[in-house]
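Taken together, the values in this text are just the output of simple stated rules run on the coordinates, not laboratory data. Since the model is a prediction, treat every value here as computed from it, not as a measurement. All Cβ positions, even for glycine, are placed from backbone atoms using ideal geometry, and neighbour counts span all protein chains on display.
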Amino acid sequence: MSEVRPEVSIIMATYNRLDLTQRCLATLERSLAGVVYEVLIIDDVSTDGTQDFLKTLGAPYRVFLNEQKGNFAINNNLGAREARAERLLFLNNDTELAPGWYEPLREGLERFPDAGFIGNLQTNPSTGRYDHMGVIFAPWLTPAHYGQHYARVPAWLRATEFAPWSAVTAACCLTRRTTFFEAGGFDEAYVNGCEDIDLCLRMHRQGRRHYVANTSEIVHHKGASPGRKKFNDVNLERLKSLWGDYIRAHFVEADARRFAQTYLRKTLVYPWKSNLGKTWACLLILAGLRKPLNCA
């Protein structure tokens, strides 16, 4: 009898944090009853017992143990090349999943022929608030998570099943295998940051659009992997140098009000983390007194 082909290949890169990986896989298994899937785990030379645990896993898991350190882009590209399903789902090992999270993503991919990535709502347990409802761009070209620090989902989002966004986070997102490889996969020059935004932009340039399924919600222990933010500044500078003009032309003005709303929410929740000049610029945008393209 021939082996049943999975309907989705779930690709997960790991580096230490065995506790979170075990929790993620337990919730994954409970939440996908009735779905034929495979999980490709690429471990990036973990030293905390993760590799010993992964060696104990059987089907539907397929484990790849790096001999030398890679990064998020390298590891996920490897998983995508080895995947057997037409649907590719990229999933961080620091997520927790409840029943019903996957089906809306699958529906979105089928509903929208132009779909690049389908993402979902994500909450951060360390803050007790939302962290991601979609990705937007600041007037100064930085990508930002709309809805970050929100205690609840805005009514206008709750009123629709799917919402289009400039990009989505790769902490949890679904795409077609053909779409992923036609766009070139993740750029491996990024080191654990901005590679998902870069890929979203390449898909957009090819005519793809990104959506968030508002009926899918997961927990994301954001930035849990050791050294996750070490190269943030370098990654951001690379993104701006490659995509600055494109971001200005396609996203900054359209995203301005939503970005201003999100930034001002951050100012209210964490005033010590906010920049006075950016806060003032956002107030002027919401008041209609400043064009976003003129923000420094």
Calculate the radius of gyration of the Cα atoms of the stretch 1-116 to one decimal place, then report Dmax, the largest Cα-Cα distance, as a whole number, both in Å. 14.2, 43
Using only the alpha-carbon atoms, what does the chain span along each of its principal axes? Please give whole angstrom values in decreasing order. 67, 40, 35
Taking Cα atoms, the helix 276-286 axis meets the longest principal axis of the chain at an angle in degrees (rounded to 10) of 80 degrees
Output row, site ALA26, 7 Å Cα→C-beta label point, backbone N cut-off 20 Å, window the stretch 63-93, residues 92-93
The pairs in LYS69/LYS240; LYS55/LYS229; LYS240/LYS266; LYS222/LYS278; LYS55/LYS266 lying past 31 Å Cα-Cα in this model are LYS55/LYS266
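Please give me, ordered by residue number, the trypsin sites (Lys or Arg not before Pro) of the stretch 150-251 that lie in loop per DSSP and have at most 12 other Cβ atoms within 10 Å. Present the calculation step by step, with values, prior to reporting the outcome.
Details: sites: ARG152, ARG158, ARG176, ARG177, ARG202, ARG205, ARG208, ARG209, LYS222, ARG228, LYS229, LYS230, ARG238, LYS240, ARG248; in loops: ARG152, ARG208, LYS222, ARG228, LYS229, LYS230.
Sites meeting the loop and neighbour criteria: ARG152, LYS229, LYS230.
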Starting from 0.36 nm per residue, how many nanometres of slack lie between ALA155 and PHE112 once their C-alpha separation is accounted for? 13.2 nm
Which residues qualify? For TYR61, with a placed amide H closer than 5 Å and at least 5 residues away or on another chain, they are VAL39
If one compares the long axis through the Cα atoms of helix 72-82 with the longest principal axis of the Cα atoms of the chain, the angle in degrees, nearest 10, works out at 40 degrees
Can you list the residues, at least 5 places off or on another chain, whose amide H is less than 5 Å from the amide H of VAL212, using H built in the peptide plane? GLY119, ALA163, TRP165
Size of the stretch 231-287 as Cα extents on the principal axes (Å, biggest first): 32, 27, 15
Rounded to the nearest 0.05, what FRET efficiency do LEU242 and GLU182 have when you use their Cβ-Cβ distance and R0 = 22 Å? 0.75
If you take the beta carbon distance between THR142 and ASP52 as r and set R0 to 35 Å, what does 1/(1 + (r/R0)^6) give as a FRET efficiency, to the nearest 0.05? 0.35
